[in-house]
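The structure under discussion appears below in the form of structure tokens.
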Amino acid sequence: MFEPIREDLEKVEREFVRHLESQVALIPTIGHYIQQGGGKRIRPAVLLMAARMSGYTGEHAPLFASVIEFIHTATLVHDDIIDESDMRRGRQAVHSRWGNDVTVLLGDFLYIKSMSMALTRDSLDFIRLLCEVTLRMIEGELYQLTKNGDRRSLGGRALRDHPAQDGLSLRGQRAHWRHAGSRHEHRAGGRALGLRPEHRHGVSARGRSARLHRRRGCARQAGGRRPARREDDAAR
């Protein structure tokens, strides 16, 4: 499936390693540990394939694909703390091995580094949209944690007295954020790569792709947060 973009994916891996360099030895050490844990690189692959489909053949695509992978990696290390998950892809999660304090700061480093990488191409539109996507993701996490806390404090009365705030409502809301994030992420990629407006909309998550992202978000949430994440570990 990824064979047409195999060379670009290898460039993404090299960019990932290169941008992990730091005077603080712990950063590349943990970064390499995460990279060696595997993952299918679905998100950078989607960006690279969208660029190809839109006729882009320049050198910016692998860099921006690396930016997306940095952001995704930051969400994973933070999520493992929130979910109290000790394992990631069959190995110790970063927070289990290095502690929560180090892991939170590493996630912050990856977030900021992704923005710094994007700025090397002076694409302010891309930065604005990346910030918007990241804010939506964080809002979704906070919304879910808040509602989970409400449910725990109310006990069995939560679903009986507040049916509008049941699990499906919450999952649907979070799925909406995921769908919106994917839509803006693809538009950001189109702008950053210098595509014409009609091609930007072609790679955005409108129509069929939008419905796919929204339904995928709903499907993943339908089984509950922690079980879904454990099942998905091998695919991240």
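In region 16-31, the residues that are over 19 Å from Ser66 (Cβ atoms) reach residues that are β-branched (Val, Ile, Thr) and surrounded by 12 or more Cβ atoms within 10 Å (Cβ to Cβ) with C-beta atoms within less than 8 angstrom, at least six apart or across chains, in these pairs: Leu26/Val102.
Just give me the residues in region 38-48 being aliphatic (A, V, I, L, M) and buried (at least 18 other Cβ atoms within 10 Å of the Cβ), in sequence order. Don't jump to the end; show me each part of the working.
Pass one, region 38-48, residues aliphatic (A, V, I, L, M): 42, 45-48.
Scanning region 38-48 gives Ala45, Val46, Leu47, Leu48.
Taken as a whole, the condition of being closer than 16 Å to Tyr33 by Cα, touching a residue at least 40 places away in the same chain (Cβ under 8 Å), part of a helix (DSSP H, G or I) and not hydroxyl-bearing (Ser, Thr, Tyr) does not apply to Val133. In this entry, Ser54 is excluded by the filter for residues that are of a type in the set (Ser, Thr, Tyr), more than 21 Å from Glu7 (Cα to Cα), surrounded by 17 or more Cβ atoms within 10 Å (Cβ to Cβ) and more than 17 Å from the chain's Cα centre (by Cα). Among (1) outside any helix (DSSP H, G or I); (2) closer than 18 Å to Arg88 by Cβ; (3) at pLDDT 95 or above, where does Val24 come up short? Failing condition for Val24: (2).
Restricting to region 31-72, give me the number of residues that are at negative phi and outside any helix (DSSP H, G or I).
Within region 31-72, the subset at negative phi is 31-37, 40, 42-54, 56-72.
Cutting the leftovers down to outside any helix (DSSP H, G or I) gives us 37, 40, 54, 56-59.
The qualifying residues number 7.
Scanning region 82-94 for residues that are surrounded by 18 or more Cβ atoms within 10 Å (Cβ to Cβ) and not charged (D, E, K, R) turns up at least one hit.
The values are calculated or read from the model by the stated rules, or taken from the named source; none is laboratory data. These figures come from a predicted structure and were not determined experimentally. Reconstructed Cβ throughout: ideal geometry from the backbone, glycine too, with neighbour counts over all protein chains shown.
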